[in-house]
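**Student:** Take a look at the following structure, please.
The values are calculated or read from the model by the stated rules, or taken from the named source; none is laboratory data. A quick note: this is a predicted structure, and the numbers were derived from the prediction, not measured. Quick reminder, even Gly has a Cβ in these numbers, built from the backbone with ideal geometry, and neighbours come from all protein chains shown. Quick note on the areas: whole protein, heavy atoms, side chains included, nothing else; ligands and nucleic acids left out. Shrake-Rupley method; radii C 1.70, N 1.55, O 1.52, S 1.80 Å.
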Amino acid sequence: RSTLGVEVPIRVVFDSPTVGKLAQQLDTQAEVRDAVRSVDRSGPVALSFAQQRLWFVHQLEGPSPTYNIAFALRMTGVLNHWALRDALNDVALRHEALRTIFVSDEGVPTQHVVDSALASVPVEVVGVEDHSLEDLVQAAALYEFDLSREIPLRARLIELTDSNAVLTIVLHHIAGDGWSLVPLLRDLGIAYRARV
């Protein structure tokens, strides 16, 4: 669409598996939709229906770990803590949902994307001196987000030895789902390697 100025339905792409067959299907007379473009997020943004439901539950019950999505990654080798912190912030900068707070404006819930200069993913670094690894991971997973004041992403790095750690990432469901984890981890890996 952006290169040739033509509209191609996705079905045609799959039904025309070669460039030659696809070229025969191009309709230069069809109306082309507008290209995807950046949108100003300086003002409030409406919530999706799923976000409205989660916001309502949050208002009704208060902060709760019920809708947390948590996972732990075992990391081996020398870990650069600063690069990890910066990489998490890079991911939040890339994905607005990870740096969004949810506030009420006269009873109407709205999203406010926190400016990238002000949004910082909290990263807690702890050792296992007095606690078991399982207890530390579980405590991180049970964090209670205040969605009106803090971004819905945080991390806990549990240092086991100089070259062995567990990174626990906690994401509130209002900002992601199970499908979100693959791109989040991919982007985090890319950002960490770039920062190192």
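**Student:** For the full complex of protein chains and a 1.4 angstrom probe, list 27, 162 by accessible area with the highest value first.
**Tutor:** 162, 27
**Student:** Given Cβ point charges of +1 (Lys, Arg) and -1 (Asp, Glu) and nothing else, what value in debye, to the nearest 20, does the dipole of the stretch 1-113 about its Cα centre take?
**Tutor:** 400
**Student:** Let me ask another. Please give, to one decimal in nm, the separation of the simple spin-label points placed at residue 76 and residue 135, each 7 Å out from Cα toward the Cβ.
**Tutor:** Calculated label separation equals 2.7 nm.
**Student:** Tilt of helix 181-195 relative to the longest C-alpha principal axis of the chain, in degrees (0 to 90, nearest 10)?
**Tutor:** Helix 181-195 sits roughly 80 degrees off the main axis of the chain.
**Student:** Under a plain spin-label model, where a point goes 7 Å from the Cα along Cα-to-Cβ, how far apart in nm are residue 190 and residue 42?
**Tutor:** Rounded to a tenth, the inter-label distance reads 2.9 nm.
**Student:** Expressed as a fraction of 2.2 N^0.38 Å, the rule-of-thumb size for a compact globular protein of N residues, what is the C-alpha radius of gyration of the chain?
**Tutor:** After normalising by residue count via 2.2 N^0.38 Å, the value is 1.30.
**Student:** Highest mean first, how do 62-68, 80-86, 1-7 rank when packing is the count of other Cβ atoms within 10 Å averaged over residues?
**Tutor:** Answer by packing, highest mean first, reads 80-86, 62-68, 1-7.
**Student:** Under a Cβ-only charge scheme (Lys and Arg +1, Asp and Glu -1), can you give me the dipole magnitude of the stretch 30-96 about the Cα centre, in debye to the nearest 20?
**Tutor:** The dipole magnitude comes to about 180 debye.
**Student:** Note down the nm distance, to one decimal, between modelled labels 7 Å out along Cα→Cβ at residue 117 and at residue 30.
**Tutor:** A separation of 4.4 nm, rounded to one decimal place.
**Student:** In addition: Whenever you get a sec, compute what percent of the accessible area on the chain sits on carbon and sulfur atoms (1.4 Å probe).
**Tutor:** The nonpolar share, carbon plus sulfur, comes to 53 percent.
**Student:** Continuing with the same structure: Go through 43, 102, 182 and say which Cα lies farthest out towards the positive end of the charge dipole of the chain; charges sit on Cβ, +1 for Lys and Arg, -1 for Asp and Glu.
**Tutor:** Among 43, 102, 182, the one farthest towards the positive end of the dipole of the chain is 182.
**Student:** Along the stretch 64-77, what does the Karplus equation 6.51 cos²θ - 1.76 cosθ + 1.60 (θ = phi - 60°) give for ³J(HN,Hα), rounded to whole Hz, x for Gly and Pro?
**Tutor:** Once rounded to whole Hz, the list reads 7, x, 3, 9, 7, 10, 10, 8, 10, 10, 7, 10, 10, x.
**Student:** Here is a follow-up. If you average 1/r over every pair of different alpha-carbon atoms in the stretch 9-113 and take one over that average, what Kirkwood value in Å do you get?
**Tutor:** 19.0
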